[in-house]
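The values are calculated or read from the model by the stated rules, or taken from the named source; none is laboratory data. No experiment lies behind these values; they were computed from the predicted model shown. Glycine gets a Cβ as well: all are built from the backbone with ideal geometry, and neighbour counts include every protein chain shown.
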Amino acid sequence: MVAANWKMNGLRRGGRDLARALAGLKRAADAPACDIVICPPATLLFELRDALQSAGIALGGQDCHSEGMGAHTGDISADMLADCGCSHVILGHSERRMDHGETSKMVCGKVAAALRAGLCAILCVGESEDDREAGTALEVVGEQLRNSLPEAGGSADIVIAYEPVWAIGTGRTPNAGEIGEMHQHIRNLFDALKTGGKSGLRVLYGGSVNAENAGDILSIAGVDGALVGGASLSAEKFWNICAHYGR
Ligand code: 13P
């Protein structure tokens, strides 16, 4: 899976142009063999739905509330995302954990709400630079995962995105050994918490993935795809990342 997180970028015209360009590339005979999910800002979901879905590209939100409906000004429920045509939602992104004080417990409620609405949750976890330097990255990410995962759900409707906070938008990435070790750690923990066996969980890597480093990162054992921020705002750059999955 290669997922695009447009974050708070995109007005209607630019969003439409980008979606059309992606749909055109996907329709080409040599479309890559991976699931592609585009997560634009909420204002563009409905607008881009038809262009993306008609080309077999999935649509995702960037957050949802933990409740189904009610007095929560400014929030969006998982049912609303599903109603707009979303099949996926990014949850627990570090920018939301920081900007909105989202705790793992709150994220857990959101993942549960997403599953109730029939969405696939792309649950983000990742350590800070201080955690990495202190040697506690595995522990911190393990704790986030344990506290963010609801009882419901399994590898069919939950995807984990490992996004080290210090690698987001910085051009820096962990080395291959660090990424491989963390992905294995996440998979082991998920299997222990969920099924007690091999679950087929997909673990994506996110943080400064671009067309140049995607080949190396996506080739690391245990990396099942990418969650792409900045480079997903260009159809060509994003497509070159997806193209790693062959033609
Ligand atoms: P960048 O690819 O811009 O580093 O962002 C990663 C990210 O936060 C995706 O969710």
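In summary, residue 167 fulfils each of the numbered conditions (1) modelled with pLDDT under 95; (2) in contact with a Pro (Cβ under 7 Å, 6 or more places away or on another chain) with the single exception of condition (1). In the set (1) over 24 Å from residue 57 (Cβ atoms); (2) surrounded by fewer than 24 Cβ atoms within 10 Å (Cβ to Cβ); (3) within 16 Å of the ligand (Cβ to nearest atom), the condition left unmet by residue 103 is number (3). Checking each residue in segment 111-133 for being under 14 Å from residue 185 (Cβ atoms) and assigned to a loop (DSSP other than H, G, I, E, B) picks out 126, 127. Looking across 120, 124, one residue alone is touching an Asp or Glu at 6+ places or on another chain (Cβ under 8 Å), within 12 Å of the ligand (Cβ to nearest atom), closer than 27 Å to residue 85 by Cβ and modelled with pLDDT of 95 or more. It is 124. On the given criteria, is residue 77 in contact with an Asp or Glu (Cβ under 9 Å, 6 or more places away or on another chain), among the polar types (S, T, N, Q) and closer than 29 Å to residue 10 by Cβ? Yes, satisfied.
Residue 192 meets each of the listed conditions (1) touching a Lys or Arg at 6+ places or on another chain (Cβ under 8 Å); (2) without any contact (Cβ under 8 Å) to a residue 12 or more places away in the chain; (3) aliphatic (A, V, I, L, M) apart from (1). If you filter segment 191-210 down to residues that are touching a helix residue (DSSP H, G or I) at 6+ places or on another chain (Cβ under 7 Å) and modelled with pLDDT of 95 or more, you find that the one that is farthest from the ligand (Cβ to nearest atom) is 201. Taking the criterion of being hydroxyl-bearing (Ser, Thr, Tyr) and in contact (Cβ under 8 Å) with a residue 40 or more places away in the chain, the only residue of segment 48-71 that qualifies is 66.
Residue by residue, here is whether (1) aromatic (Phe, Trp, Tyr); (2) under 16 Å from residue 2 (Cβ atoms); (3) in contact with a His (Cβ under 7 Å, 6 or more places away or on another chain) holds:
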position: 180; (1), (2), (3): no, no, no
position: 204; (1), (2), (3): no, yes, no
position: 215; (1), (2), (3): no, yes, yes
position: 227; (1), (2), (3): no, yes, no
position: 231; (1), (2), (3): no, yes, no
position: 234; (1), (2), (3): no, yes, no
position: 237; (1), (2), (3): no, yes, no
position: 242; (1), (2), (3): no, yes, no
